[in-house]
């Protein structure tokens, strides 16, 4: 009897211990990754340093730490599909969207090109990105110091964290220009970090991505492609090389996913491209709970006019060629009986369904075809460039391009990027910027457009906290 009683007590103790460890791990995770830092410079508190290691002594809590970063990226900051995210704000900043919302909304400042260094969204993108970078650095350091995680788990988690760090720095660079590249949780270093020049930033981004790609496996470790694999790192690397003008490297990186037909297959049905099971998706964000769909659907879809927040611009609507099925499947109209407006309809669900039907797509095959097409054209491989371009056009119900010269093919690719990637994560603005067409294409259609609008202002509160971030970007 005594032995049985002892065993019961021992088992109960073990259960309580496991529960306590799990609760402690979750609490530590929240404290370390999110609650400990409301501002970029207010991170790495001593208490966090003392307890963070516990997170990385268990595979489940270490993976939870990584997944939590994706949840923050989905819900807050640059990559969010909400009104506050880049798809909406930079769509207004360029020529994709027209703003109809409240006069006091932050989007109005983007639409009118009247941003100030005190703009709340300008600060939030900066702050949330560096907090997410801090969390990625915490993963890298914690995994490296762990004595409990397997070598395979260490490679996966480090590869994911390096990818996140490079992705966020890539967007910060292309939005704000020269920025700090943060690779540690050291508070004393981070609070006085200096800006790096663009060439240095790209060097760090490429280095991180190459290492990430070498660590991540070819297959996904979870369903629905919500945890990055090697193809995800290579997809971003293809884009980075394109922006850098490294044409051969860009084409090769894009080919990695395009040639991986075991994981990715082309889809001719435009209505399934943005479903969560799409075989053309390379990486996507899962909604917070099952039954929820995308924030993009909530942001862009409206059923009657006038639009509550934004509508597609006439300039974009007129860019679709006659017979382009993307206009029929990815654009929808609404009317008040007199006027007609158009909204994005890539995602079809504005509200919850019994089970989630759509996830927020961050990387997909179509962009990789367009990247490779442009990189091939730049190298003089015009036949290969047209083959990739026609893959996109034919799926849209259009005939092969009639472009012949290198310049005409590049112009055709730019047009195709506009009508394929519209309102997806700021592609239009970044394309105009990297090809030096911001001024000549936006000045005629955007009231108040200035050459200096190619960069957002650095948040004034950050300049006050860290004078090493000076000078402010021109025009602000």
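Okay, residues lined up against (1) under 17 Å from the mean Cα position of the chain (by Cα); (2) assigned by TED's automatic domain parsing to the domain that holds residue 253:
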{"site": "162", "(1), (2)": "yes, no"}
{"site": "167", "(1), (2)": "yes, no"}
{"site": "207", "(1), (2)": "no, no"}
{"site": "221", "(1), (2)": "no, no"}
{"site": "230", "(1), (2)": "yes, yes"}
{"site": "235", "(1), (2)": "yes, yes"}
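Within region 138-160, residues that are farther than 18 Å from residue 228 by Cβ reach partners that are not in a helix (DSSP H, G or I) with beta carbons closer than 8 Å, at six or more positions or on different chains, in the pairs 141/184; 141/185; 148/58. Here residue 379 passes the criteria (1) touching a helix residue (DSSP H, G or I) at 6+ places or on another chain (Cβ under 8 Å); (2) more than 24 Å from residue 268 (Cβ to Cβ); (3) surrounded by 21 or more Cβ atoms within 10 Å (Cβ to Cβ) except the one numbered (3).
All conditions but one from (1) modelled with pLDDT of 95 or more; (2) surrounded by fewer than 22 Cβ atoms within 10 Å (Cβ to Cβ); (3) farther than 19 Å from residue 77 by Cα apply to residue 187; the one that does not is (1).
For region 407-420, the set of residues classified as surrounded by fewer than 18 Cβ atoms within 10 Å (Cβ to Cβ) and over 14 Å from residue 372 (Cα atoms) consists of 407, 408, 411, 415, listed by residue number. Hey, does region 81-98 have a residue that's in contact with a helix residue (DSSP H, G or I) (Cβ under 6 Å, 6 or more places away or on another chain), crowded, with 18+ Cβ neighbours inside 10 Å, under 20 Å from residue 456 (Cβ atoms) and modelled with pLDDT under 95? No, region 81-98 has no match at all. Number of residues in region 117-176 that are in a loop (DSSP other than H, G, I, E, B) and in contact with a helix residue (DSSP H, G or I) (Cβ under 7 Å, 6 or more places away or on another chain): the value is 6.
Would you confirm whether any residue within region 107-126 is touching a strand residue (DSSP E or B) at 6+ places or on another chain (Cβ under 6 Å) and either surrounded by fewer than 21 Cβ atoms within 10 Å (Cβ to Cβ) or more than 29 Å from residue 439 (Cβ to Cβ) (or both)? Checking region 107-126: at least one residue is touching a strand residue (DSSP E or B) at 6+ places or on another chain (Cβ under 6 Å) and either surrounded by fewer than 21 Cβ atoms within 10 Å (Cβ to Cβ) or more than 29 Å from residue 439 (Cβ to Cβ) (or both). Would you check if there is a residue in region 351-359 being surrounded by fewer than 16 Cβ atoms within 10 Å (Cβ to Cβ), farther than 23 Å from residue 107 by Cβ and without any contact (Cβ under 8 Å) to a residue 40 or more places away in the chain? Within region 351-359 (the criterion being surrounded by fewer than 16 Cβ atoms within 10 Å (Cβ to Cβ), farther than 23 Å from residue 107 by Cβ and without any contact (Cβ under 8 Å) to a residue 40 or more places away in the chain), the answer is no, since none of the residues qualifies. So which residues in region 283-309 are within 26 Å of residue 415 (Cβ to Cβ) and more than 21 Å from the chain's Cα centre (by Cα), if there are any at all? Answer for region 283-309, where residues must be within 26 Å of residue 415 (Cβ to Cβ) and more than 21 Å from the chain's Cα centre (by Cα): just 307.
In this structure, is residue 335 more than 20 Å from residue 416 (Cα to Cα) and loosely packed, with under 15 Cβ neighbours inside 10 Å? Yes; evaluated as a whole, the condition is true for this residue.
The values are calculated or read from the model by the stated rules, or taken from the named source; none is laboratory data. Treat the numbers as computed from the prediction; the structure is a model and nothing was measured. All Cβ positions, even for glycine, are placed from backbone atoms using ideal geometry, and neighbour counts span all protein chains on display.
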